[in-house]
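S.K.: Have a look at this one before I ask anything.
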Amino acid sequence: EIIKYKYDSNEIAKRKLSQIIYPKDHHSYMNDFNEDIESVKSIKVENLKKTHETLIKNNKTIISLASNIPTKELNKAIETLENGLKITKTKIESKVNIPTVAMRETPKFESIYLNDKHQSDIFLAHTSELNRTHPDYYKMHVANFILGGGILDNRLSDKVRDQNGLVYSIYSYISGAISPGEYGIYFGANNKNTDKAISLTMEELNKFVKDGITEKELSEAKKTLINSFT
């Protein structure tokens, strides 16, 4: 699987991005391909046991139920499930402690040349302070949906792809789970269009931050996102 992606320009760009914005000992830092291959070869049973002990054993399992079963019957089913799994109410503190990574003080740009590649894969990103439990996470989720996270309609796709034809695809994203992730924008473009696409993307991003969103955009984004959870 690692070798499969070794010459994938998107994967190469993604790994390089992680190396720029995260320190090497961070869980989001991605090794070079050869480092990963050597790492896989050196895995021992003791490594798997340690990973299980640190990351899995003391973490919670979350089970979600969606049904039209009457409340009384549903509660009975939940009780049976809890008894069967021997669920404990005791709070167990996770051993995982992932530090927040500060944003770079100065921007850094790196490019990697690959023979016979007519498309460039571009990531523009920085670290974020938002994990899934942060009070602003879902506000950011809605804002990102409007800027570039919406599948069918968003500002970046409309401006950079549809109106100007500079990219094959473009989207923005926010990653974050138990720990903060990053906020970024990705696009794939013909090599001759990359500089124009970067400039127009940054222009649209700055406009978004400066002017904000419209009530119509907010209403439609909230409606779409709420429906996606049902």
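The values are calculated or read from the model by the stated rules, or taken from the named source; none is laboratory data. Treat the numbers as computed from the prediction; the structure is a model and nothing was measured. We place every Cβ from the backbone using ideal geometry, glycine too, and count neighbours over all the protein chains shown. Areas reflect the complete protein model, heavy atoms only, side chains present, ligands, DNA and RNA absent. Shrake-Rupley method; radii C 1.70, N 1.55, O 1.52, S 1.80 Å.
S.K.: Please find, among S172, S157, S219, the residue that is open to solvent by less than 70 Å² (accessible area, probe 1.4 Å), under 24 Å from E129 (Cβ atoms) and of a type in the set (G, A, S).
M.R.: Exactly one of S172, S157, S219 is open to solvent by less than 70 Å² (accessible area, probe 1.4 Å), under 24 Å from E129 (Cβ atoms) and of a type in the set (G, A, S), namely S172.
S.K.: Another question, if that's okay. May I ask you to verify whether S28 is in contact (Cβ under 8 Å) with a residue 24 or more places away in the chain and in contact with a Lys or Arg (Cβ under 9 Å, 6 or more places away or on another chain)?
M.R.: It is false that S28 is in contact (Cβ under 8 Å) with a residue 24 or more places away in the chain and in contact with a Lys or Arg (Cβ under 9 Å, 6 or more places away or on another chain).
S.K.: State which residue is farthest from D136 (Cα to Cα) when the search covers only the stretch 175-216 and only residues that are in a loop (DSSP other than H, G, I, E, B) and open to solvent by less than 80 Å² (accessible area, probe 1.4 Å).
M.R.: The extreme case among them is T214.
S.K.: Please specify each residue of the stretch 95-125 satisfying the condition of being closer than 15 Å to Y186 by Cα and either modelled with pLDDT of 95 or more or open to solvent by less than 100 Å² (accessible area, probe 1.4 Å) (or both).
M.R.: Selection gives E110, S111, Q119, S120, D121, I122, F123, L124, A125.
S.K.: So S128 fits all but one of (1) modelled with pLDDT of 95 or more; (2) in contact with a helix residue (DSSP H, G or I) (Cβ under 9 Å, 6 or more places away or on another chain); what number is the exception?
M.R.: (1)
S.K.: From (1) touching a strand residue (DSSP E or B) at 6+ places or on another chain (Cβ under 9 Å); (2) surrounded by fewer than 16 Cβ atoms within 10 Å (Cβ to Cβ); (3) touching a residue at least 12 places away in the same chain (Cβ under 8 Å), pick out the condition that doesn't hold for N164.
M.R.: If we test N164 against (1) touching a strand residue (DSSP E or B) at 6+ places or on another chain (Cβ under 9 Å); (2) surrounded by fewer than 16 Cβ atoms within 10 Å (Cβ to Cβ); (3) touching a residue at least 12 places away in the same chain (Cβ under 8 Å), just (1) comes out false.
S.K.: Hey, among the residues in the stretch 143-153 that are out of contact with any Ser or Thr (no Cβ under 8 Å at 6 or more places or on another chain) and at pLDDT 95 or above, which one's least open to solvent (accessible area, probe 1.4 Å)?
M.R.: Applying the filter and picking the extreme gives I146.
S.K.: In the stretch 181-192, is there at least one residue being among the charged types (D, E, K, R) and under 25 Å from R104 (Cβ atoms)?
M.R.: Yes, there is a match, as at least one residue in the stretch 181-192 is among the charged types (D, E, K, R) and under 25 Å from R104 (Cβ atoms).
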